[in-house]
Every structure is written in C-alpha cells, then in structure tokens.
1. Among the listed residues 69, 80, identify the single one that is at pLDDT 85 or above, within 27 Å of residue 339 (Cβ to Cβ) and over 18 Å from the mean Cα position of the chain (by Cα).
2. Exactly one condition in (1) in a helix (DSSP H, G or I); (2) without any contact (Cβ under 8 Å) to a residue 12 or more places away in the chain; (3) closer than 19 Å to residue 28 by Cα; (4) of a type outside the set (Gly, Ala, Ser) is not met by residue 125; state its number.
3. Can you name every residue in the range 110-128 that is within 19 Å of the chain's Cα centre (by Cα) and crowded, with 22+ Cβ neighbours inside 10 Å?
4. Restricting to the range 251-285, what's the tally of residues that are over 20 Å from residue 130 (Cβ atoms) and either aliphatic (A, V, I, L, M) or touching a Gly at 6+ places or on another chain (Cβ under 7 Å) (or both)?
5. All but one of (1) closer than 26 Å to residue 130 by Cα; (2) assigned to a helix (DSSP H, G or I); (3) touching a residue at least 40 places away in the same chain (Cβ under 8 Å) hold for residue 41; state the number of the condition that does not hold.
6. If residue 74 satisfies every condition in (1) crowded, with 22+ Cβ neighbours inside 10 Å; (2) closer than 18 Å to residue 130 by Cα but one, which is the exception?
7. Taking residue 138, is it more than 30 Å from residue 86 (Cα to Cα), in contact (Cβ under 8 Å) with a residue 12 or more places away in the chain and either aliphatic (A, V, I, L, M) or in contact with a helix residue (DSSP H, G or I) (Cβ under 6 Å, 6 or more places away or on another chain) (or both)?
8. Name, by its number, the condition in (1) of a type in the set (Ser, Thr, Tyr); (2) more than 26 Å from residue 97 (Cβ to Cβ); (3) part of a helix (DSSP H, G or I) that does not hold for residue 178.
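The values are calculated or read from the model by the stated rules, or taken from the named source; none is laboratory data. Note that the coordinates shown come from a computational prediction; the quantities given were computed from them, not determined experimentally. FYI the Cβ positions are ideal-geometry reconstructions off the backbone, even for glycines, and counts take in every protein chain you see.
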Amino acid sequence: MNQNLKLYPYFQACASLHFWLPVFFLYFVSILSVREVLVLEAIYYWAVVTLEVPSGYFSDRIGRRPTLLIAGAAWTVAYLLFASSQTFTSFAIAQILLAVGMAFRSGTDSSLLYDSLKAADRVEEIGFFEALGQSYGFYATAFAALTGGILSGIDLRFAYGLSAIGSILAVRIAWRMTEPPRPHKESEMGFANQLLHCVKRLKNRTLLWIFMFVLSITVFNHVPYEFFQPYLDLVMQQTGLGSNHGYEITPVVTSLHVALTMMVAGWGSRRAILLQQKLGVKGALLATLLLQAILMGLMSWIVHPVVAALLLFRSIPRALMTPIINATVHPRLNSGLRATFLSLQSFAGRICFGTALLISSTFTDEVQCLTGETLSSILMAYTLASGVVFIGLATLNISSPSKPDEKP
C-alpha cells in the first residue's frame, strides 16, 4: 500500500496535464457557433451525469485500479479525436469520452487513497495526502497550461496532442498501483441497494450539508472556468492587443493566466486543513463560496485588467474545499459505499450545472460571439443565485466533524 501512497501524487499530476485548458473555448468557437459550443459543454456534463453514479458503483464493485485505467484510456482517445477532427459530431463524441474519463476518475482516486491509508493503518493522514495530491495536480496543470497556450498560438490542436501524452502517463502509473484490500461482502451489494444505502447516509447532518454544498458549488466553481477565456478576450480587445503577424496572442495570455491560477491554487491547497482548523468545516466551505460569488460579481460588473488579475484566485475555492470535504466525508462511509457516494454527490452537482448551461444557451441562440453585455447578463444571474445559496447554507446547522452522527 505504501507504493500506492508514493504514486498517488504523481498520478494526480499526470491526470491533470490539461494542456487544452486555457484554449478549449477558443478552439471550439474558432470552428463552431457560440450556441454549439454551449451545447457541447452541456453534452459533456450530461454525459458525466449519466456515468457518474454507475462509475462509482463500478469502482466499489470491480475495483479502484481498473476504474482508473478505464479513465486514462478514455481520455487518450478523446484527446486524439479533438486533435484530428473539426466537426460538431466528432467533438460531441470526444466530449462523451472525456466525460467517461472524468466520471471514472471522480471519487475513485480519492477512495483508492483512503483505502490504501486504511490498509496501512494511516487514515489520520488523509488530509495531508489529499492536499499533497491536489497540489501536485494544480502545479502540473500550471505547467501544462503555459506550455499548451504557447504552442496553441501556432495551432490550437497541439494542446490536445500533448494532453494525450499526459493521459498515457496516467495509465502507466495506475497500472503500477495495487488494488487496496476491502471487505468482500461490501463489494457484492446490488446497484439499487447500493444507492439506497448511500441515500440513507444523508441522515448524517454533516454529510447532508456537504452534499447540498457540493451540489451548489459545482455550478459556481465552473462559471469563472467556463467564461474566463471570453472575458480575457474582451480585456485584450479593450487594451488593443490581439494577433501579431499571424500569431494569436490571446491563447498565450490565457495560458499564462491559467498557469498562474493553478500555481496559486496549488499553494492554497496545502493550507486547506489549516483553514478548516481555524473556521471549522462549515465556515471554511462557506468562505470558498463567498470568494467565488465575489469574483463572478466583479466579472459581471466591469471588463477590466484588474478583474482579470483577480481571477487568478478563481481556483482557490476548489483547492481549499476538496481536501476538507474528502477528509470529512471518508471516515463516515464504508469502503463499499465510498466511491458510489462521492459519485452520487458529484452527480447532483453536475445535473445542476448541465441544466444551467442549457438555460444559458437559450439566451445566446442568435449570438455568434459573446459581447460584454451578454457576458455580463449571464454572470449577474449566477452571482445573484450564489448569494441566495450562501444565505441558505449559512442558516443550516452542521454537526461537528469530530463527532459523526453515526459510525461509518
């Protein structure tokens, strides 16, 4: 099991080599209309929704290692499709394969970590390893974003070719891992019975509150992620920057922005548990929601380089919340339920965001390019919604993370 613990941060790093991250929106809109791009994003999220819970059950039933191997293989094929074709249909297929990879990784990597720690009698280190693995992932994404953005100034397809290499490395690392031991009876539960047991766990007030938080923060964390590229493009236009002798400058700026964002997030991730100790689980998680609401509000209010700089903090909420959530949730779940519950939790959030994307696409039906006015309207709606959610969550009670309502 110690081998798994050594490999875990490196798996997270290779799985996070998203060279396409700073340019995917620019790549899509260079070929398709804004409406088609938003529909593509909705296809991705609804595909993840469809696969999220079954993939978690697959992980609990079949094993962590084969689930991660399937994720890496799906990523590889998806990236090669993105790089080699330029039609809506091929992009849609690639989005579905990308969703397969994300869904099969979701919850399984963290479950493999906890199961390995439990087998090594080191479960108290879950917070440390979660933060370590996530920081490796953020730093890897920073490197990939900068490299991918620079090369994408020549050809946007280069980013997806490099990402395929990263996913192949992730497959290689997953292959070297060992399947953690788990009670045999826990892995033989039927799918419907598995879901029923996961839902029953929501009687635990801590798990219920976190479930509702994840459902809402999934939407709000993705808003700056989806729209920061067109926002930066508007800033570039406003400042008079653009292409230079056929070389597109915007992809380089976005890649540098993503790289710095990931470095900031990597730094923040290592301080997540400290924040939890100071504010508690509820206070720390509400702080991440508040930060994201402020960023969305600024984006909706004005197009300005200062706001673009402040968007470097847009991944801090995710960096802080993930170690806190996993360290709180894992001890309250049996091994046979762990990946399914985490997938169910992610499933609920993705349903909300997939719906939000479809609603957003209806307001841009006739829009071929995002203007500042259109972007401001979309972001203002999300900002107001985040304020309502913040007030609602703040009024709900959450039990102490150190005193579970029931034994795992």
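1. 69
2. Of (1) in a helix (DSSP H, G or I); (2) without any contact (Cβ under 8 Å) to a residue 12 or more places away in the chain; (3) closer than 19 Å to residue 28 by Cα; (4) of a type outside the set (Gly, Ala, Ser), only one is false for residue 125: (3).
3. Those that are within 19 Å of the chain's Cα centre (by Cα) and crowded, with 22+ Cβ neighbours inside 10 Å: 110, 111, 112, 113.
4. Count: 9.
5. (1)
6. Failing condition for residue 74: (2).
7. Considered against the rule, which asks whether it is more than 30 Å from residue 86 (Cα to Cα), in contact (Cβ under 8 Å) with a residue 12 or more places away in the chain and either aliphatic (A, V, I, L, M) or in contact with a helix residue (DSSP H, G or I) (Cβ under 6 Å, 6 or more places away or on another chain) (or both), residue 138 comes out as no.
8. So the condition that residue 178 fails would be (3).
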